[in-house]
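Written out below as structure tokens is the structure these notes cover.
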Amino acid sequence: MKPYTIKLVIYGERMNLAELKNLLNCPFCSQQPGVKDVKSICASDLMSEVLLLADRDSVIITNLVNLQAIRTAEMVESSCIVFVRGKTPTKDMVSLAEKNGITLLVTEYDMLETCGILYGRGLQHKKVAHDNH
């Protein structure tokens, strides 16, 4: 199965991270003070796709639990990462995220369910051109 990337954009509204945390029933939270509201969401396991598609102040939704996810969030100036399927970040990841002001959340939902829940709450997707490779 090929990895997939979904980009959802909030049109006209912002969602705060407390609402996002409650909506996704996140049992783990490493919330950073002063974190901005969410304006877009990029869901992918390919950090190269996140680098290409994520907007500033976006939330990254991923299965990838390693330092690369934190570094990617730092590069795109993301305010939050949601790890799906109950995957918990390591102490090193939490430390690096705290150092860079990135909130980490964990949800038991898989990526499709997570995106479906957010889509159901009014987040609309933005069409992204894909090559056929």
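Since every read-out is calculated from the coordinates, none of them should be taken as a lab result. No experiment lies behind these values; they were computed from the predicted model shown. Heads up, the Cβs are rebuilt from the backbone with ideal geometry, glycines too, and the neighbour counts pull from every protein chain shown.
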Full-extension gain between Lys87 and Glu113, please, as 0.36 nm times their residue separation minus the C-alpha to C-alpha distance. 7.9 nm
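If we count other beta carbons within 10 Å of each Cβ, what is the order of Phe28, Phe83, fewest first?
Values: Phe28 15, Phe83 23.
Ranking Phe28, Phe83 by Cβ neighbours within 10 Å, fewest first, gives Phe28, Phe83.
Arrange the peptides 16-22, 41-47 so that the one whose residues have, on average, the most other Cβ atoms within 10 Å appears first. Each step should come with its number before you reach the end.
Details: 16-22: 15.7, 41-47: 22.3.
So the peptides 16-22, 41-47, ranked by packing, come out 41-47, 16-22.
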Could you list which residues have their amide H under 5 Å from that of Glu108, counting only those 5 or more apart in sequence or on another chain, with H placed in the peptide plane? Gly86
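With a ≥ b ≥ c the root eigenvalues of the C-alpha gyration tensor of the range 5-125, is it rounded (a/c under 1.5), prolate (a/b larger than b/c) or oblate?
Numbers: a/c = 1.30, a/b = 1.25, b/c = 1.04.
Cα axes put the range 5-125 in the rounded bin.
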